[in-house]
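Engineer: Sharing a structure here in structure tokens format.
The values are calculated or read from the model by the stated rules, or taken from the named source; none is laboratory data. Treat the numbers as computed from the prediction; the structure is a model and nothing was measured. So basically every Cβ, Gly included, is an ideal-geometry build from the backbone, and we count neighbours across all protein chains shown. In case anyone asks, the SASA skips ligands and DNA or RNA and just uses the protein heavy atoms, side chains included. Shrake-Rupley method; radii C 1.70, N 1.55, O 1.52, S 1.80 Å.
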Amino acid sequence: MTAPKENQTTRRRAPGMSPEQRRAMIIQTAIPLIAEYGAAVTTAKIARAAGIGEGTIFRVFADKDELLQACIAEALSPEHAVRELGAIDVSQPLPDRLAEAAEALQAHMDRIGAILGSLGHRGGKHPGTVRGAGRDESMTRTRAALAELLEPDKAALRRPPEQIAALFFGLLFTQPRTEDEPDLTPQELVEVFLHGALSGGAE
């Protein structure tokens, strides 16, 4: 019985992980818990989900507030969205590319909304700084990645790819919600964006 306990302790301490790797693992584990429980989530709950001791968290984070800040920064990071956009096959027709991009970007923004929404106005000591600077960088990089998806059709576009990307990005996240009509699907949104509001616009 002694040996299994020692092995378990060894696994829990994850000796092969660098502090940076352990920090990243804790953040990835914490994000869905924060989205579910908000600031009420405990470090003990996060530690159990990560399969580590609670003390391990405080070896890489000064306190719970620093962990929450790190999770917000990760949620705002454009890295995942940029990778998703970069993985879209540019040989597809433009409408299909944009529909895939819309799905990826909506998922990215939903993730941000889940984290910030669950934390309300808390989000750490300087939420305005994190949200403002982080969000601006995220939008800039995701728009650049979106513009790259438009490059193959550059000659057919009325405006430069960067401007079209900004317009599409804006439409995607400012579309109004109506009680009587369901939200547009990514495909429907792309159709309206590319062909206009007139029913004969696509012909």
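Engineer: For segment 49-62, how many residues are open to solvent by 60 Å² or more (accessible area, probe 1.4 Å) and outside any helix (DSSP H, G or I)?
Structural biologist: Total meeting the criteria: 1.
Engineer: Just one of (1) closer than 11 Å to Ala102 by Cβ; (2) touching a helix residue (DSSP H, G or I) at 6+ places or on another chain (Cβ under 6 Å); (3) of a type outside the set (Phe, Trp, Tyr) trips up Thr185, so point out which.
Structural biologist: (2)
Engineer: Among the residues of segment 63-80 satisfying the criterion of being in a loop (DSSP other than H, G, I, E, B) and either touching a helix residue (DSSP H, G or I) at 6+ places or on another chain (Cβ under 8 Å) or in contact (Cβ under 8 Å) with a residue 12 or more places away in the chain (or both), which is farthest from Gly38 (Cα to Cα)? Don't jump to the end; show me each part of the working.
Structural biologist: If we filter segment 63-80 for residues that are in a loop (DSSP other than H, G, I, E, B), which is where we start, we get 63, 77-78.
Next cut, either touching a helix residue (DSSP H, G or I) at 6+ places or on another chain (Cβ under 8 Å) or in contact (Cβ under 8 Å) with a residue 12 or more places away in the chain (or both) only: 77-78.
On the way: Ser77: 19, Pro78: 22 Å.
For segment 63-80, the residue satisfying everything is Pro78.
Engineer: Further, regarding this structure: For segment 73-98, what are the residues that are within 15 Å of Thr29 (Cβ to Cβ) and either open to solvent by 40 Å² or more (accessible area, probe 1.4 Å) or in contact with a Gly (Cβ under 6 Å, 6 or more places away or on another chain) (or both)?
Structural biologist: Step one: of segment 73-98, the residues within 15 Å of Thr29 (Cβ to Cβ) are 74-75.
Residue satisfying the conditions is Glu74 alone.
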